[in-house]
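Accompanying notes for the structure given below.
The values are calculated or read from the model by the stated rules, or taken from the named source; none is laboratory data. Since the structure is predicted, the reported quantities are computational estimates derived from the model, not experimental observations. Cβ coordinates were reconstructed from backbone atoms using ideal geometry, including for glycine residues, and neighbour counts include every protein chain displayed.
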Amino acid sequence: MADNVLSLKNLDVGFPGMTIVHDLNLDVADGAFVSLLGPSGSGKSTVLRTVAGLLPALGGRIVLEGGDITTLPPERRNVGIVFQNYALFPTMTAFENIAFALRVAKKPQAEIERRVHEVAAMAGITDQLDKKPANMSGGQQQRVAIARALVTGSRVLLFDEPLSNLDAKVRASMRQEIKRLQTELGFTAIFVTHDQEDALTMSDVIVVLNHGRIEQIGDGRTLYRKPATPFICEFIGVSNELAPPLAARLLGRDIKGRSFVRLEDVVLGAAEGIPARVNHVEFLGAYSRIDLDVEGHALSAMLIGDPLPEPGSSVSLAVRPGAAHIFAEATP
Amino acid sequence: MKLSLALASAAIALASAFPAFAGALTIYSPQGGERAVWIAEQAKAAGHDIKLLNAGGGELFDRLLAEKNNPQADVVLGMVDTSMALLKKEGLFQPYSPSWATDLPARYKDAEGMVHKFWQTPIVLAYYPDRLPDAEAPKSWLDLTKDEYQGKYVLGATAWQTPRMYLAGILVRFLDANGEVSDEGWEFLSKLYAHAIIANDADSYTEAFKSGRASLDLNWLGGSFKLAKDLGAKVKVIDTEGGTPILSEGVAIMAATDQLDEAKAFVNWWGSADVMAAYAAKFGQVPVLPEALAKSPPAVQENARLVKAQPIDWDAIAPKLDGWLQKIELEIR
Amino acid sequence: MTRTAGFDRLLYWFGLIVIAWAVLTFLLVPISAALHAALFRHGGLEIVDAVAELVSSRRVRAALWNTAWMTAATIVTVTIVGMFQVAVLEYFRVRGSGFLKVAFSTPLVFGGVVAAAGYNFTYGPGSAITAALTALFPSIPRDWFIGWFGVLFAHTFLMTSFHFLFLRAAMRRVDYSTIEAARSMGASELTILRRVVLPVIMPTLLAVTLLTLHTVVGSFAAPQVLGGRDFHMLSQMVLTLNSLRRPDMAALLALLMGMVLMGLILLSQYFEAKGAYTAGAKTTTRIQLRQIRNPLLRTMVHALAYLLAAIYLVPVALIVLFSFAPASSIGIEMLPSTLTLTNYARVLGGGTAFVPFFNSMLMGSAAVVVGLAITLFAVPIMVRKRNWLTQALSISFFLPWIIPSILLAVGLIVAFDAPNPLVGNAVLLGSYWLLPIGYVIFSLPLMVRFMRSAFIGIDPAFEEAARAMGASGPYRFRRVVLPLVAPTAILVAGMKFNTLMAEYPLSAFLYNVNNRPLPIAIVEGAVSADPDQAAISLVYVTLIMAFSLTVILIAERLSLGRTPETSNL
Ligand SMILES: Nc1ncnc2c1ncn2[C@@H]1O[C@H](COP(=O)(O)OP(=O)(O)O)[C@@H](O)[C@H]1O
Ligand SMILES: [Mg+2]
């Protein structure tokens, strides 16, 4: 318990008269990178803003570094926030942006200079300090935003979808950048995203939110390999949901509930398989996606390397033993 | 930001507590431009500390009425008979008999001893002989609607003093037994407007003459001379059949003045024969004080005999004028 | 924390109370006083009679009809010219666009009576252009420009400021990638403009059109100076009726106009709300200027753009030029043969000619500062908290826009011509302060309109970020919000200052001996046949234009290259 820097205990968040997320419990270890993953509208931002103190908690407690901060005003919580689009003040230079919180706290000028330069050096933007945000690249803006969040000595940084407006290439390099800064500077990150790749690539722990509740908490592998709910199974990775007759045929027993098989767990050309017809082959570079017809049911598989089956040809098909995810009760 | 707001409201509160700016004697007068400058200079030279507020006659009248509960003026100077009469009726003036009033002919004084007239101003019909041969000039105001004068005269805005007066001078000729303007009168006026060049501002008034279109000037005497001088042309005033409307301008001290002594001193100075004569020499205005007229240049004395007056009872007309002007503005123009 | 927060709350409430008091005292009471005085003038309601008189008046009917068709015609021509400007400045690559921009910005500082007089000076019967025209074609009458044509012409080129300010900003927000996408799909230039660009700028275009509509309906100076005897509009009629001592008829006509205008304002707020909804904070590719391929078309666009610039600049240039001319050459010479600084020396030398200039500078700046203070305090509250109270406040602020200023002046006079308990039983009429107060009221609608858009356009994340870093409300306002809206504030201050320098109706009614303002001096100069007066008026106008243009260019500089949201409409 002692190495938990942040704990949410039975936290209810939302707006007066409308609870968005109920009874949230989460422990975040010091220096961890935790992602809050969920589809848009699932309440991620609301949770983040409550932790930051921008929204009052409707119930429960928030504990930071052993102290209860549930009712503290934002500036006394010692958490930093990096906003979507960074929310850098366009009228101020990078220096003034970073110095903002220190000026608010009426720190002496010498200390402000020292701390801004310190954090700017760590973020690698010392030579950008005189520029205004409009004259910086996206990467530089991101570093300024992180430096601004860190300058008051916050150990916990909250990120609200900072990458959501970026194209795939830039996004990848920004991810690495955030991750690098996080490991180098050692802060704890709570990272809100709707993008599973963001979560899988950066996080130590992923918290999946759906319809106002936590679906599952775990590292990327766990979520992928052992999804706790059908939602996770569909939301993370690409899966086939097997219709009950097909499931019975493929898995060799009757299934009560819903069953899923990931694309890469469908084995083609198996010795003891079921015959299937190839409908369509999609070449995607490193791997290819094969759409099949199995006794009237659609199923997709993934193949790495050559040779690829011809559309219209027949193949024999099986499921990798133990790879099916079976959920006895359909969870809402 | 809030500070400036607080300061501003504090300043407003403070200022409204001391609404009157003491000091100079405030005089409301329609005499503007170079005339105002002359008056201010001469008054200062004579030791009067005055501040002039100039505006059109109608505007000044409205302003004086509006300020009834917080009068700003100490003296009203140079407004015409009708306006002075109505202002007096509102109780704005106080009686005072200036030093020069004794020699003033009775018709330039009122019964209450509040308003004293010092000038007379004929509203004349004049023509430019180089544009219109003497023989072709109109003989009367009523000749203006003849076809030969179409497009040759300019009617100014009804908001101006002068047009109001000659329009009244024309309409009184058409009063029926009930004291109302007859249909014939309105028909005449419609035709007068239909044939006229219309000017809404001084520029277009002057422009009509500059361009050579207009050859007849319906103007107050001094204005007519000034226009001719600006145009560098000769103008002749017509002594019309039926007479010419003649106004006279007066001076009065406001009932609410807080500088009564200064006001009295100023009025005494203003109406005195020497000042009137000097003004006459400078601007050609005809004084009504016999001694002042005697001291005026010969040309001014001649102007005093230029036209014979149209008999008009201004006090009777004053209350009707607004209705007439409304009809002109809304129906006829 | 609690101590300063408590103090802030105190200030906040104090500010609210002051504004409520000011709105009640200087807006609601005077306006209702004016309406009451007008409609119950003989102790009873005589609306029926007044309406009958209005309806039976030939000239009132003509004014109604003229206003209606002139409004329609002006909207069409202004939209064409305004869109062309935006296309030339922000869409096509046109040489010398910096120069064109300055030319097209002149309506911001050249409006009202001053501009109408300038057009008369340039195209009127006594102008050089008319002299040249009549020399070439003797059949053309000297007053060819006077009448509906001159009014429409002046409207067309003087009412493009809203397009210049807001439509340009909207154009800059168009995502260039959508244009490229359309082009890649083979769309022609025209199709791209019509199908891709136009829909994006449409909400702004509608808002701008409504603002322009509002300006045309209330147009006074252009028909007054250029309309001649045969063309007059409603606001002239209101003025005439008032000067005929029929404030009841004036008020009724004003109310009719007011209702139309109020409808327009409500409509524009509706579109504003819609516009804010569609304009998300997404990153877009900045629009790149398009080269016109067709050489014939390119030449034509250039020729038109420069012709337009000439139309804008010639009246201004003539005024500036003649302000340096000897007084005797004004109205006599077509172009001054000699130049002199005497006129400027007379105005700036501190003599009598300087006094109205000084008075107006003082009252104008004070009014703009107070107006801005009120706006900057009230608008954020109105934008953030939407309830009946703030809604009422917002409508109150717009009242001076729909009430003709004459009626407002009459209201102020009626309300403060006797001791009034709302101002500590003082009689404000006749005091120095009534005119500056009138100026503030008169300035509020446009300020509120512009600042509303500016505040709505601010990304809430900025405030949230500042809040998260511990900034208190006032600190956030001062350090984060204020710099963001500063360009708009400076712009609107410059524009409003400019209008105040030439505002006639309020000035004429409310000035006193100690604060005779510039508009009065300018009009007297125009009325007086004294050429020296005319020369001095030209100097006044030149100085005002130079000053306001500087302010506005500073605002443009400040907002350059950042947060187009602040010029959102
Ligand atoms: N100010 C608000 N008042 C009421 N409901 C809101 C407000 N802001 C967001 N919501 C609702 O709260 C839910 C969660 O929103 P949010 O936390 O922003 O989702 P996410 O960040 O996961 O996309 C959404 O259904 C949204 O409609
Ligand atoms: Mg969100």
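Hey, among the residues in the stretch A:7-42 that are within 16 Å of ligand 2 (Cβ to nearest atom) and among the hydroxyl-bearing types (S, T, Y), which one's modelled with the highest pLDDT?
This residue is A:S35.
So which helices (runs of 4 or more DSSP H) stay within the stretch C:99-160 end to end and still have 1 or more residues that are surrounded by fewer than 17 Cβ atoms within 10 Å (Cβ to Cβ)?
In the stretch C:99-160, the matching helices (runs of 4 or more DSSP H) lie at C:128-136, C:148-158.
Do any residues in the stretch A:142-163 that are within 10 Å of chain C (Cβ to nearest Cβ) have Cβ atoms under 6 Å from those of residues that are part of a helix (DSSP H, G or I) and more than 16 Å from ligand 2 (Cβ to nearest atom), where the two are at least six apart or on different chains, and which pairs are they?
Short answer, once both residue conditions are applied: A:R148/A:N97; A:R148/A:I98; A:V151/A:I98; A:V151/A:R115; A:V151/A:V119; A:T152/A:A101.
In the stretch A:25-50, which residues are more than 9 Å from ligand 1 (Cβ to nearest atom) and more than 20 Å from A:I236 (Cβ to Cβ)?
A:N25, A:D27, A:V28, A:A29, A:D30, A:G31, A:T50
Going through C:S243, C:S235, C:S219 one at a time, which residue ends up being out of contact with any strand residue (DSSP E or B) (no Cβ under 9 Å at 6 or more places or on another chain) and within 25 Å of C:V86 (Cβ to Cβ)?
Of C:S243, C:S235, C:S219, the one residue that is out of contact with any strand residue (DSSP E or B) (no Cβ under 9 Å at 6 or more places or on another chain) and within 25 Å of C:V86 (Cβ to Cβ) is C:S219.
Scan the stretch A:95-105 and tell me whether some residue there is more than 12 Å from chain C (Cβ to nearest Cβ), β-branched (V, I, T) and more than 15 Å from C:R476 (Cβ to Cβ).
The answer is no, given that none of the residues of the stretch A:95-105 is more than 12 Å from chain C (Cβ to nearest Cβ), β-branched (V, I, T) and more than 15 Å from C:R476 (Cβ to Cβ).
Of the residues in the stretch B:224-248, how many are closer than 28 Å to C:A221 by Cβ and more than 9 Å from chain C (Cβ to nearest Cβ)?
Count: 1.
Every residue, every condition in (1) over 30 Å from A:I125 (Cα atoms); (2) surrounded by fewer than 20 Cβ atoms within 10 Å (Cβ to Cβ); (3) in contact with a Gly (Cβ under 8 Å, 6 or more places away or on another chain), yes or no:
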| site | (1), (2), (3) |
| --- | --- |
| A:G17 | yes, yes, no |
| A:V21 | yes, no, yes |
| A:D27 | yes, yes, no |
| A:P39 | yes, yes, no |
| A:R77 | no, no, yes |
| A:P90 | no, yes, no |
| A:K106 | no, yes, no |
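What tally of residues in the stretch C:216-226 results from selecting those that are more than 8 Å from every other protein chain (Cβ to nearest Cβ) and surrounded by 24 or more Cβ atoms within 10 Å (Cβ to Cβ)?
4
Residue-wise test of (1) under 24 Å from A:G53 (Cβ atoms); (2) facing another protein chain (nearest Cβ under 8 Å); (3) outside any helix (DSSP H, G or I).
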{"site": "C:R467", "(1), (2), (3)": "yes, yes, no"}
{"site": "C:A471", "(1), (2), (3)": "yes, yes, yes"}
{"site": "C:T488", "(1), (2), (3)": "no, no, no"}
{"site": "C:L500", "(1), (2), (3)": "no, no, no"}
{"site": "C:F509", "(1), (2), (3)": "no, yes, no"}
{"site": "C:P519", "(1), (2), (3)": "no, no, no"}
{"site": "C:E524", "(1), (2), (3)": "no, yes, no"}
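Does the stretch A:66-82 contain any residue that is in the same structural domain as A:P162 (by TED's automatic domain parsing) and within 16 Å of ligand 2 (Cβ to nearest atom)?
Checked the stretch A:66-82: at least one residue is in the same structural domain as A:P162 (by TED's automatic domain parsing) and within 16 Å of ligand 2 (Cβ to nearest atom).
Inside the stretch B:290-333, can you point out the residues that are within 12 Å of chain C (Cβ to nearest Cβ) and surrounded by fewer than 15 Cβ atoms within 10 Å (Cβ to Cβ)?
B:P319, B:D322, B:G323
Go through the stretch A:174-279 and tell me which strands (runs of 3 or more DSSP E), entirely inside it, have 1 or more residues that are closer than 24 Å to A:G305 by Cα and away from ligand 2 (no atom under 16 Å from the Cβ).
Where strands (runs of 3 or more DSSP E) fall fully within the stretch A:174-279 and carry at least 1 residues being closer than 24 Å to A:G305 by Cα and away from ligand 2 (no atom under 16 Å from the Cβ), they are A:239-242, A:258-262, A:266-268.
Need the failing condition index for A:G53 against (1) more than 16 Å from ligand 1 (Cβ to nearest atom); (2) within 14 Å of chain C (Cβ to nearest Cβ), just the number.
Looking at each condition in turn, A:G53 falls short on (1).
Going through the stretch B:104-141 one residue at a time, which ones are assigned to a strand (DSSP E or B) and without any contact (Cβ under 8 Å) to a residue 60 or more places away in the chain?
Answer for the stretch B:104-141, where residues must be assigned to a strand (DSSP E or B) and without any contact (Cβ under 8 Å) to a residue 60 or more places away in the chain: just B:K109.
For every residue, the table says whether it meets (1) surrounded by fewer than 20 Cβ atoms within 10 Å (Cβ to Cβ); (2) more than 14 Å from chain B (Cβ to nearest Cβ); (3) β-branched (V, I, T).
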| position | (1), (2), (3) |
| --- | --- |
| C:F166 | no, yes, no |
| C:A169 | no, yes, no |
| C:V174 | no, yes, yes |
| C:T178 | yes, yes, yes |
| C:A182 | yes, yes, no |
| C:L190 | yes, yes, no |
| C:T204 | no, yes, yes |
| C:T212 | no, yes, yes |
| C:F231 | no, no, no |
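Taking the stretch B:167-214, which residues are within 30 Å of C:A535 (Cβ to Cβ), in contact with a strand residue (DSSP E or B) (Cβ under 6 Å, 6 or more places away or on another chain) and crowded, with 19+ Cβ neighbours inside 10 Å?
Passing the criteria: B:I197, B:A199, B:Y205, B:A208, B:A214.
Quick check on my filter: what residues within the stretch B:27-57 are in a helix (DSSP H, G or I) and either crowded, with 19+ Cβ neighbours inside 10 Å or more than 9 Å from chain C (Cβ to nearest Cβ) (or both)?
Within the stretch B:27-57, B:R35, B:A36, B:W38, B:I39, B:E41, B:Q42, B:A43, B:K44, B:A45, B:G57 meet the criteria.
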